[in-house]
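What follows is a short report on a single structure.
The values are calculated or read from the model by the stated rules, or taken from the named source; none is laboratory data. These numbers were taken from a predicted model, which means no experiment stands behind them. Neighbour counts run over all protein chains shown; Cβ positions are idealised from the backbone, glycine included. The accessibility values were calculated without ligands, DNA or RNA, using every heavy atom of the protein model including side chains. Shrake-Rupley method; radii C 1.70, N 1.55, O 1.52, S 1.80 Å.
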Amino acid sequence: MKVLSVVGARPQFVKLAPVAAELTASGHEHVIVHTGQHYDAELSDVFFTGLGIPAPDVHLGIGSGSHGAQTGAALTALDPVLEAHRPDWVLVYGDTNSTVAAALSAVKQHLRVAHLEAGLRSFNRRMPEEHNRVLTDHAADLLLAPTEEAMRHLAAEGLAARSALAGDVMVDVCLRVRDAVRAGGHAAPELPDGISPVEPYLLATVHRAENTDDPARLSALADALADLPLPVALPAHPRLVARAEEHGVKLERGAVRVGSPLPYAGLVAAVIGAAGVVTDSGGLQKEAFLLERPCTTLRSETEWPETLAGGWNVLVPEPGGLGAARWADTVTRPAPTAGRGTPFGDGRAARRAVELLEQRL
Ligand code: UD1
């Protein structure tokens, strides 16, 4: 079986890692195409080296741009690559502009497309990721769902026949890296200056367009983080840095110490070391859950509602509206004692995804 994976942005490299390892272990041919949506070494190369992913076979170098320009550039560049390889499966991951471009290029060329992490829904039609997920699911031939909830969403949209429960491949990689970190197999994470790993601290990330692109909203979130009662480590995504500069919002003030984006093992270690997590990232909500740290999510909805059970994750779309004391109490609440179950699978999702690709060929 010949599988061609298309990836382009940081969370896709994380998902690719266990899938690439499993495809190789099973003796399948695997071609990796990197669109170049993320091009900074700290958002891209460190994930390939750190997670042992083979270097991409093809790099399209599309870079940044408006949604149309970026998606269009990926689509145009992918057409001849898919035509040249004609794989048995084009495998697309998650919900970025690279995902929807690859799905579209593949279906137009009558190539089978499988969507890994299918069926997630925020039901927020203003999110670019929501457009990408819905369009990709409806284009794809095989929908590899991470959760039962995702399976229900796909069934509700008439896509049950094309759907299969694979589990979440991010569990595979997160638990493997957690064990390596605990066994001392990785250097300590590079936390921002001013954050001591042996004193209590909070780990925060903000990168979603809905939180960064409106100056008033970004400013309110920066105020809320600055007011927290523990030091806040903020490894800043380039989008956050760019928008903060553009809008004249100072990020490093009060409790907040700004650092560079972390490699995957560094992020896992930083979560393990933290008293709690504040984020708008889907991946980090789950990583906090898997690593047993309370998470506060700066959004009004989540694609991962399973994390909300037992209070492991709490949605706070408007921290300012809570009042300073309640906001501080929410973020610094202790980890719940409630059991978490395994709603995202058992850490063998990549194996199941590859079996499903074999069976549905
Ligand atoms: C993209 C995905 C988002 C995912 C996120 C993970 C879409 C619509 N969004 O958002 O779902 O959660 O990746 O990080 O696909 N930039 C750099 N260097 C880079 C990449 C980006 O400086 O290597 C800056 C540029 O200013 C760019 C901005 O970040 O304009 C946004 O990058 P883009 O790829 O458009 O989207 P993300 O915000 O990273």
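Quick look at the values:
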{"quantity": "Inter-label distance, nm, simple model (7 Å from Cα along the C-beta direction), Ser64/Phe123", "calculated": "3.4 nm"}
{"quantity": "3J(HN,Hα) from dihedral phi, region 228-241, Karplus parametrisation 6.51/-1.76/1.60, rounded to Hz, x for glycine, proline", "calculated": "5, x, 10, x, 10, 7, 10, x, 9, 5, x, 5, 5, 4"}
{"quantity": "Selection from Val314, Ala180, Leu291 lying farthest towards where the dipole of region 179-331 points positive, charges on Cβ", "calculated": "Ala180"}
{"quantity": "Cα gyration tensor, region 151-229 - rounded (a/c under 1.5), prolate or oblate", "calculated": "oblate"}
{"quantity": "Descending principal axes extents, the chain, alpha-carbon based, whole Å", "calculated": "56, 43, 41"}
{"quantity": "Cleavage-rule hits (chymotrypsin sites (Phe, Trp or Tyr not before Pro)) in region 59-160: DSSP loop, at most 11 neighbouring Cβ within 10 angstrom", "calculated": "Phe123"}
{"quantity": "Hydrodynamic radius of region 257-361 per Kirkwood, over alpha carbon pairs, in Å", "calculated": "15.3 Å"}
{"quantity": "Accessible carbon and sulfur surface of region 179-331 relative to its total accessible area, %, 1.4 Å", "calculated": "53 percent"}
{"quantity": "Gyration tensor verdict on region 159-318 (Cα atoms; rounded if a/c is under 1.5, prolate if a/b is larger than b/c, oblate otherwise)", "calculated": "oblate"}
{"quantity": "Note, ³J(HN,Hα) from phi for region 168-180, Karplus 6.51, -1.76, 1.60, rounded to Hz, x at Gly and Pro", "calculated": "9, 5, 5, 5, 3, 6, 5, 5, 5, 5, 4, 5, 5"}
{"quantity": "Dipole magnitude of the chain about its Cα centre (Cβ charges: Lys, Arg +1; Asp, Glu -1), debye to nearest 20", "calculated": "340 debye"}
{"quantity": "Centroid-to-centroid separation of region 190-266 and region 297-346 [C-alpha atoms, Å]", "calculated": "18 Å"}
{"quantity": "Under 26 Å, Cα to Cα: Lys pairs in the chain, sequence gap 8 or more or different chains", "calculated": "4"}
{"quantity": "Region 179-331 - charge dipole about Cα centre, Lys and Arg +1 at Cβ, Asp and Glu -1, debye rounded to 20", "calculated": "140 debye"}
{"quantity": "Isotropically averaged projected area of region 80-120, using the convex hull of Cα atoms (one quarter of hull area), nm²", "calculated": "2.7 nm²"}
{"quantity": "Folded to 0 to 90 degrees: helix 215-226 orientation relative to the chain principal axis, Cα", "calculated": "60 degrees"}
{"quantity": "Efficiency of FRET from Cβ geometry, Thr24 and Arg340, R₀ 41 Å, rounded to 0.05", "calculated": "0.85"}
{"quantity": "Positive-end residue of Ala244, Pro305, Val33, charge dipole of the chain with Cβ unit charges", "calculated": "Pro305"}
{"quantity": "Lys/Arg +1, Asp/Glu -1 at C-beta; region 179-331 dipole; positive extreme among Trp327, Leu191, Leu218", "calculated": "Leu191"}
{"quantity": "Whole-number percent relative contact order across the chain, with pairs defined as alpha carbons under 8 Å at least 6 apart", "calculated": "16 percent"}
{"quantity": "Lys108, Lys286, ranked by accessible area, largest first (probe 1.4 Å)", "calculated": "Lys108, Lys286"}
{"quantity": "Full-stretch length increase - Ser300, His131 - with 0.36 nm per residue and alpha-carbon distance subtracted", "calculated": "59.1 nm"}
{"quantity": "Sum of side-chain charges, Val3 neighbourhood, beta-carbon under 11 Å (Lys, Arg +1; Asp, Glu -1)", "calculated": "-2"}
{"quantity": "Probe 1.4 Å, protein heavy atoms only - accessible area per residue of the chain in square angstrom", "calculated": "39 Å²"}
{"quantity": "Mean ellipticity per residue at 222 nm, deg cm²/dmol - from DSSP H runs of n ≥ 4 across the chain, formula -39500 (n - 2.57)", "calculated": "-13000 deg cm²/dmol"}
